[in-house]
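The structure appears below as structure tokens.
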Amino acid sequence: MNRGINDSKDLPEEYLSSVYDEIAGKKIAMKETKEYSITQKSNKHMDFVHWLCVVSMDELESLHHPRMFSLQKIVEISYYNMNRIRLQWSRIWQVIRDHFNKVGCNPNEDVAIFAVDSLRQLSMKFLEKGELANFRFQKDFLRPFEHILKKNRSPTIRDMVIHCIAQMVNSQAGNIRSGWKNIFSVFHHAASDYDESIVKLAFQTTGHIVGTYLLFFLIFNCLSLKEYTSDDMNVAPEDRVWVRGWFPILFELSCIINRCKLDVRTRGLTVMFEIMKSYGLTFKKHWWQDLFRIVFRIFDNMKLQELQTERTEWMMTTCNHALYAICDVFTQFYEPLNEFLLADIFAQIQWCVKQDYKLFGSLLIKCVVQLELIQTIDNIVFYNATSKQEEDEHKAAAQVHS
């Protein structure tokens with residue numbers, strides 16, 4: 001009712017309807033104008049950042065006198081825009097990230113150092129904010145470190161990247177979530193670096209992370225709860241520890257054996273067979289079969305070096321060690337391995353004989369004797385000369401005489 005208006009009479013329904021439509025239309029128009037204003041403002045920010053990056057690249061192109069004024073302003077813009085909503089900030093950072101990828105690989109070392117140090121400061125500030133569950137923006141933010149480490153050939157810059165990552169881990173480990181993927185990816189690339197100091201620092205930092213921040217009992221508890229996910233539907237529950245645990249470890253050790261220099265592959269070989277000896281009692285038959293498919297790759301003729309000297313070294317060191325260790329493991333776990341492995345071992349011995357390395361002969365003889373001896377012992381222990389009835393009679397007679 002509309003009392004007090006139009007001499008306390010009700011306003012016509014048609015009039016009220018037109019007023020309502022007019023108010024609603026203006027409201028919608030105001031809303032659309034606001035949304036357009038926000039979108040337009042966001043696009044202006046994107047255009048500004050884009051052209052600032054273009055100007056910065058022009059300033060840095062001078063090999064002798066590069067100017068870093070615009071680059072410094074890009075750092076400031078990043079710093080002051082971190083608190084924007086995630087969608088807006090991710091679009092801004094995408095442009096800035098690509099710029100840092102280029103600047104971090106600049107042939108002028110001073111420019112690259114400034115870029116990496118700026119990335120470090122921004123990353124420390126960004127990691128302080130933490131990250132909510134199911135968000136992955138840390139991973140996107142730290143990606144320039146990976147790019148610079150892979151593309152920049154300067155040892156100084158690569159060493160600086162590793163130090164920056166190590167500093168972030170030491171000060172912000174509690175806030176790192178999705179960023180761990182980038183951190184370990186950086187260390188993975190650093191492990192294959194030709195600079196020994198970079199490899200050493202990456203290894204030390206990785207060991208520090210594993211020893212300080214990775215609580216393995218919590219990790220295994222979490223993995224045990226992930227029992228019926230789609231990825232595991234085709235894997236038997238009792239095989240998951242093999243597929244997700246032992247097999248990846250042993251496979252990586254086999255890669256080290258087949259690719260690395262002598263001292264490293266010897267250590268890898270020792271570790272691999274120590275794992276077998278220490279934990280082989282828990283391995284199932286089909287686990288052993290998968291494992292020895294990997295082990296026998298050591299003897300793959302296609303993987304042997306073409307140079308005769310390297311080929312001889314490979315045979316007399318790695319193959320020698322591996323063959324003896326295989327026979328040793330076979331002896332220790334004869335019962336589960338005899339059924340399917342003996343023929344393969346003899347085939348590998350036969351292959352080694354055909355390589356015609358005279359110094360290899362003594363080892364081959366030892367291996368054959370060891371295998372024959374374990375079979376002979378097995379026959380003596382498990383195949384009795386007397387029947388069970390006769391054995392019971394002998395025991396009864398012995399008890400009477402005692």
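The values are calculated or read from the model by the stated rules, or taken from the named source; none is laboratory data. Owing to the predicted nature of the structure, the values given are computational and were not obtained by experimental measurement. Cβ sites come from the backbone with ideal geometry, for glycine too, and all protein chains shown count toward neighbours.
Which of the numbered conditions does Arg67 fail, given that it passes all the others? Conditions: (1) basic (Lys, Arg); (2) over 30 Å from Thr212 (Cα atoms); (3) under 22 Å from the mean Cα position of the chain (by Cα).
Condition not satisfied by Arg67: (3).
Is one or more of the residues making up segment 305-325 aliphatic (A, V, I, L, M), surrounded by fewer than 17 Cβ atoms within 10 Å (Cβ to Cβ) and either within 22 Å of His188 (Cα to Cα) or under 23 Å from the mean Cα position of the chain (by Cα) (or both)? It would help to see each step written out before you state the result.
To start, the set of residues in segment 305-325 that are aliphatic (A, V, I, L, M) comprises 307, 315-316, 322-323, 325.
Applying the additional criterion that residues be surrounded by fewer than 17 Cβ atoms within 10 Å (Cβ to Cβ) yields 307, 316.
Filter once more, so that each one left must be either within 22 Å of His188 (Cα to Cα) or under 23 Å from the mean Cα position of the chain (by Cα) (or both): none.
No: zero hits.
Among the residues that make up segment 72-91, is at least one of them crowded, with 17+ Cβ neighbours inside 10 Å, in contact (Cβ under 8 Å) with a residue 40 or more places away in the chain and among the charged types (D, E, K, R)?
no
Which pairs turn up if I take residues in segment 332-353 that are of a type in the set (Phe, Trp, Tyr) and look for partners that are modelled with pLDDT of 80 or more and part of a helix (DSSP H, G or I) with beta carbon separation below 6 Å, at least 6 apart in sequence or on another chain?
Once the first residue is of a type in the set (Phe, Trp, Tyr) and sits in segment 332-353, its partners that are modelled with pLDDT of 80 or more and part of a helix (DSSP H, G or I) give Phe333/Gly280.
In contact with an Asp or Glu (Cβ under 9 Å, 6 or more places away or on another chain), of a type in the set (S, T, N, Q) and in the same structural domain as Lys151 (by TED's automatic domain parsing): is that true of Gln121 in this structure?
On the way: in contact with an Asp or Glu (Cβ under 9 Å, 6 or more places away or on another chain): no; of a type in the set (S, T, N, Q): yes; in the same structural domain as Lys151 (by TED's automatic domain parsing): yes.
Judged against the criteria, Gln121 is not a match.
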